[in-house]
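The values are calculated or read from the model by the stated rules, or taken from the named source; none is laboratory data. Because the structure is a prediction, the values reported are computed rather than measured. Here the Cβ is made from the backbone with ideal geometry for all residues, glycine too, and neighbour counts use every protein chain on show. Accessible surface is based on the protein model in full, side chains and every heavy atom, while ligands, DNA and RNA are left aside. Shrake-Rupley method; radii C 1.70, N 1.55, O 1.52, S 1.80 Å.
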Amino acid sequence: MKKWLGILLTMLLMVSCSGPPAPGGEPEGKGEPKRESGKEETVAKDIVTGLRVPWSLVVTEQHFYISERGGAIVEVARPRGKLIRQKLKLNKRVHHEGEGGLLGIAAHPDFDNNGLLYAYHTYRDEGNRRNRVILLKREAGVWREQKALLEGIPGGFIHNGGRLGIGPDGKLYITTGDAGEEKNAQNLDSLGGKILRMNPDGSVPEDNPFPGSLVYSYGHRNPQGLAWTEEGELYSAEHGPSGAESGRDEINRIEAGKNYGWPLITGNEKKKGMVSPQYQSGEQTWAPSGLAHLDGKLYIAGLRGEQIRFFATDKNRTGKSFTGKGRLRDIVAADGTFYVLTGNTDGRGTPRTGDDRLFKWTP
C-alpha cells in the first residue's frame with residue numbers, strides 16, 4: 001500500500017511541476033513556440049509577387065513604384081494593392097542585357113504636384129552600350145519621356161551602377177559603374193565609376209567640387225546603394241573585386257571631391273589622396289545593392305549574400321539582420337519600417353514560386 005501511495009504522489013508532483021501547455025498545445029521546451037512563428041509572419045510579409053527582374057523601388061504616400069529591368073514600371077497601391085504593369089514610351093529604347101536595363105528610379109522632389117519620376121536606363125548608341133538619366137511622366141497609363149537630363153554614361157554588360165537618390169539638399173545623386181573598364185573610375189573626364197550630383201533640372205550645381213562637372217566623388221567600381229543619415233551624411237554600398245579576389249565589398253562615407261581608390265586600392269589598403277572604406281567585407285561577398293538608413297543604422301540589401309545586414313555608423317560594427325528570401329535587390333525605409341525587393345529572377349538566383357516579390361520587413 002505504501003508503495004502505491006509513493007507512486008501516486010510522484011505522479012501528482014510531476015504534473016504540478018510541468019506547468020500549463022505553451023501556446024499551440026506544445027509544452028514549453030518542446031518544438032518551436034507559436035509566438036516565434038507569429039513573429040516571423042510579422043517580420044517579413046509579402047506585399048506583391050510576380051515581379052519580373054525588379055531593380056528599384058520608390059515609396060510615395062499612396063503607391064509603390066517598381067522598375068523592372070526589361071523596361072516597365074509596376075504600380076502598386078499602398079498598403080497592399082494589385083500589381084499594375086505600365087509601359088514606357090522613350091526616345092531611346094531600353095537595352096536589357098547582362099546587368100543593364102531599366103535600373104534606378106526616384107521621385108522628383110515635387111512629385112506630389114508634378115508626378116515626375118527620374119529614371120536611369122541602358123541603351124545602345126552606334127553599337128555601344130551607354131546609360132542615360134531621364135524624366136518620366138505618366139500619361140494615359142504610359143510613362144512617357146519628358147526630357148533627357150544626361151546621356152553617354154559609360155555602359156557595359158557589367159557594372160552599370162544605376163542607383164538614383166534625392167538628397168536632403170534636394171539634388172539628384174546618381175551612381176555609375178566603371179562599365180568593366182577600370183580606368184574609367186580614376187578619370188575625371190569620364191562619367192563612369194562615379195557618384196554624380198545634379199540639380200533637379202539636370203544642370204550642374206554651382207557648389208559641386210569640380211567646377212562645371214557633375215562628378216561628386218570618384219574611384220568607384222560599381223556602387224549600387226545610396227542613403228543619408230538624419231545628420232545629412234551620405235553613404236554608399238559598393239561591389240568589391242570579383243573572381244579570385246572576390247570579397248571586400250564596401251560601405252563608404254561619401255564626401256565631395258574625394259577619391260575612393262578603385263582600382264588602385266581595395267579593402268583596407270591605403271594610399272595618399274584616397275579614402276579607404278568605412279567598412280569592408282573581407283573575404284566574404286555580400287554583393288550589396290540597395291541601402292537604407294533608420295535609427296542610426298544602415299541596412300544593406302545583399303544579392304549574393306542573400307541577406308540584409310546592418311551597419312551601425314557610430315560604433316563601426318555590422319551584423320546579419322535578415323535571411324530567407326534569396327537575393328535582395330533594393331531596400332527602402334519608410335514609416336519606421338522597410339520595404340524590400342528580391343532579385344531571384346535576374347539569371348543569377350534560384351527563383352521560388354511567386355518570385356520576384358516586394359515584401360515588408362520590420363526588424
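Under 5 Å from the amide H of Arg138 lie the amide H atoms of Arg144, each residue being 5 or more positions distant or on a separate chain, with H modelled from the backbone and absent for Pro and chain starts.
Shape analysis of the stretch 83-233 based on the Cα gyration tensor places the equivalent ellipsoid semi-axes at 23, 20, 13 Å, largest first. The Cα atoms of the stretch 158-214 give a gyration tensor whose axes a ≥ b ≥ c have a/c of 1.5 or more with a/b no greater than b/c, which makes the shape oblate. Annotation for the stretch 257-333: GluC sites (Glu not before Pro) lying in DSSP loop with at most 11 further Cβ atoms inside 10 Å of their Cβ are Glu283.
Of the chymotrypsin sites (Phe, Trp or Tyr not before Pro) found in the stretch 202-309, not one falls in a DSSP loop while having at most 10 other beta-carbon atoms within 10 Å. Taking every C-alpha pair closer than 8 Å and separated by at least 6 residues, the mean separation divided by the residue count of the chain gives a relative contact order of 12 percent. For Leu149, the residues whose modelled amide H falls within less than 5 Å of its own, excluding neighbours fewer than 5 places apart on the same chain, are Val133, Ile134, Leu135. Restricting the calculation to Cα atoms, the chain shows an Rg/Rh of 1.11 when the hydrodynamic-style radius is the Kirkwood one. Rounded to the nearest 500, the helix-only mean residue ellipticity at 222 nm of the chain stands at -2500 deg cm²/dmol, with each DSSP H run of n ≥ 4 adding -39,500 (n - 2.57). Rounded to the nearest whole Hz, the Karplus-based 3J(HN,Hα) values (6.51 cos²θ - 1.76 cosθ + 1.60, θ = phi - 60°) of the stretch 355-360 follow the sequence 5, 8, 9, 10, 10, 9, with x at glycine and proline.
The residues of the chain present an accessible area of 48 Å² per residue when probed at 1.4 Å with all protein chains retained. Between amide H atoms placed 1.01 Å from N, distances below 5 Å from Leu116 occur with His108, all of them 5 or more places distant or on a separate chain.
Note on the stretch 287-360: Kirkwood radius taken over Cα pairs, Stokes-Einstein applied at 4 °C and 1.567 mPa s, translational D equal to 105 µm² s⁻¹. Using a/c under 1.5 as the rounded threshold, could you call the stretch 225-332 rounded, prolate or oblate? The axes a ≥ b ≥ c are square roots of the C-alpha gyration tensor eigenvalues, and prolate needs a/b larger than b/c, oblate otherwise. Verdict is oblate for the stretch 225-332. Put a dot 7 Å past the Cα of Glu255, heading toward its Cβ, do the same for Arg124, and the two dots end up 4.4 nm apart. Within straight-line reach of Lys272, meaning a Cα separation under 15 Å, there are no aspartates and glutamates at least 8 residues removed in sequence or on another chain. Considering only Gly155, Gln86, Leu117, the residue lying farthest towards the positive end of the dipole of the stretch 83-164 is Gln86, judged by Cα position with unit charges set on Cβ. Take the Cα radius of gyration of the stretch 43-110 and divide it by 2.2 N^0.38 Å, N being the number of residues; the result is 1.15. Of interest is the spacing of the C-alpha centroids, which for the stretch 242-296 and the stretch 133-192 amounts to 20 Å. Would you please give the FRET efficiency between Ala140 and Asp110, computed as 1/(1 + (r/R0)^6) with r the Cβ-Cβ distance and R0 = 22 Å, to the nearest 0.05? The calculated FRET efficiency here is 0.50.
For the pair Lys45 and Ser246, label points projected 7 Å from Cα toward Cβ lie 3.6 nm apart.
Students often get this wrong: which residues of the stretch 243-263 have the backbone nitrogen under 17 Å from the point 7 angstrom along Cα-to-C-beta of Glu182? Within reach of a label on Glu182, which here means backbone N under 17 Å from a point 7 Å along Cα→Cβ, the stretch 243-263 contributes 243-250, 260-263. Calculate the translational D of the stretch 217-278 in whole µm² s⁻¹ from Stokes-Einstein, where the hydrodynamic radius comes from the Kirkwood formula applied to all Cα pairs, the temperature is 37 °C and the viscosity 0.692 mPa s. Value of D from the Cα-based Kirkwood radius: 277 µm²/s. Computed from backbone phi with θ = phi - 60° and the Karplus coefficients 6.51, -1.76 and 1.60, the 3J(HN,Hα) list for the stretch 139-149 is 9, 6, x, 10, 7, 9, 5, 9, 6, 8, 8 Hz; x is used for glycine and proline.
Scoring 184-194, 68-78 by mean Cβ neighbours within 10 Å over their residues and listing the highest first yields 184-194, 68-78. With the simple model of a label 7 Å out from the Cα in the direction of the Cβ, Arg317 to Lys92 spans 4.7 nm.
Along the stretch 286-291 the Karplus relation, 6.51 cos²θ - 1.76 cosθ + 1.60 evaluated at θ = phi - 60°, assigns HN-Hα couplings of 9, 6, x, 10, x, 9 Hz to successive residues, with x for each Gly and Pro. Residue pairs exceeding 18 angstrom between C-alpha atoms, taken from Lys92/Lys147; Lys82/Lys360; Lys270/Lys320; Lys89/Lys137; Lys82/Lys325; Lys297/Lys325: Lys270/Lys320; Lys82/Lys325; Lys297/Lys325.
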